[in-house]
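Some notes on the structure that comes next.
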Amino acid sequence: MVGRAPRIATYTHAGRRSGNQDAVLSTTFTDGSLLLAVADGMGGHLAGEIASATALEALHSALGTGVALREAFHAANDSVLRAASGDSARSGMGTTLVGVLFERGEYRVGNVGDSRAYRMRGDRIEQVTDDHSFIAEAIREGSMSPHEAARSPWRNALTRAIGTERSVQVDVFGPIRPEPGEVLLLCSDGLYKSVPEDMLLEVATSTENVDAAVQALGALAFRRGSDDNISAVMVEFGTLSRRGMELTVPVPVQRSTPGRG
Ligand code: CA
């Protein structure tokens, strides 16, 4: 039993870029089920923003009609394709999409693209999703070493995306019954490419709560040089056991008040 309702926090920031093509979603349906998602859009002027927002809207509305997570991802794919058709400025736009649907005490994770879901339990962190990127697939297949892949001109290319083709293969993980004190993190590559896994876990377990954690993660990615949009959604099932509090927001210094004392 996980006990109390999950605690959720979201964060998205343009970072060093002028626009933010990432989008985040956290919503509770009337039946009490919970949807969390991160989308990282791509495409020319404003198109990436439209792609990520369209995907999240479509995912939300499809799940509201009671379809399964995989079908809702297909609905998101159709919606982004439709939004792109007939407008040359939007041609080729697409988005990553990672989403978690938590219902009846279990969750499923859906994924297309290279945004990620991580599970944190105790002192362990594991990536739930597989990246659909050229670099990750080349390493998984053993056709390239991580070193070679990192130097490839295709290293940033996605092998799957929402809204770029008529059909899309969706990965669905679960159902997973969260352990008490489990934390799930969804994030775009602007976060995880700048903050390694051990630091993700360190921040989650050394901040006061999920709100402080996502703010601290965003700030950390920026400080570590992320040149991308930065997004994170964190959900805590039960109560995470936290270590020190070195990253908590400091207590404000009391200013002296003239005319008193
Ligand atoms: Ca990105």
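The values are calculated or read from the model by the stated rules, or taken from the named source; none is laboratory data. On a predicted model such as this, the values are computed, not experimentally measured, just so you know. For neighbour counting, all protein chains shown are included, and Cβ atoms are generated from backbone atoms with ideal geometry for every residue, glycine included. Ligands, DNA and RNA are stripped out before the accessible areas are found, and what is left, the full protein with its side chains, is counted by its heavy atoms. Shrake-Rupley method; radii C 1.70, N 1.55, O 1.52, S 1.80 Å.
Carbon and sulfur together cover what percent of the accessible area of the stretch 1-125 at a 1.4 Å probe radius?
Carbon with sulfur: 49 percent of the solvent-accessible area.
For the pair THR30/GLU165, report the inter-label distance in nm, with labels modelled 7 Å from Cα in the Cβ direction.
For the pair THR30/GLU165, the computed spacing is 3.8 nm.
What does the extension gain come out to for ARG224 and ALA5, with contour length at 0.36 nm per residue minus their alpha carbon separation?
75.5 nm
Out of residues 5 or more away from GLY181 or on other chains, whose amide H comes under 5 Å of its own, with H placed 1.01 Å from N in the peptide plane?
Here PHE237, GLY238, THR239 satisfy the definition.
Contour minus end-to-end for MET199 and SER18, with contour as 0.36 nm per residue of separation and end-to-end as the Cα-Cα distance?
Taking 0.36 nm per residue and subtracting the Cα distance, the gain is 62.5 nm.
So with the 1.4 Å probe, I'd like the accessible area per residue for the chain, rounded to whole Å².
Solvent-accessible surface per residue comes out at 49 Å².
Quick one: among ASN111, ASN20, ASN156, which has the greatest mean-square fluctuation in a GNM of the chain with alpha-carbon springs under 10 angstrom?
Highest fluctuation among the options: ASN156.
Over the chain, what is the relative contact order in whole percent, taking alpha-carbon pairs under 8 Å and six or more residues apart?
For the chain, the relative contact order is 25 percent.
How would you rank 41-54, 200-213, highest first, on the average number of other Cβ atoms within 10 Å across their residues?
Taking the mean over residues of other Cβ atoms within 10 Å, the ranking is 41-54, 200-213.
When only Cα pairs under 8 Å and 6 or more residues apart are kept, what is the percent relative contact order across the stretch 163-228?
38 percent
Within the stretch 1-94, report the chymotrypsin sites (Phe, Trp or Tyr not before Pro) that DSSP leaves as loop and that have at most 13 other Cβ atoms within 10 Å.
none
Please give the helix 69-84 orientation as an angle from the longest Cα principal axis of the chain, in degrees from 0 to 90, rounded to the nearest 10.
70 degrees
In deg cm²/dmol and to the nearest 500, what is the mean residue ellipticity at 222 nm of the chain if only DSSP H runs of at least 4 residues count, each as -39500 (n - 2.57), divided by the residue total?
The per-residue figure over the chain is -9000 deg cm²/dmol.
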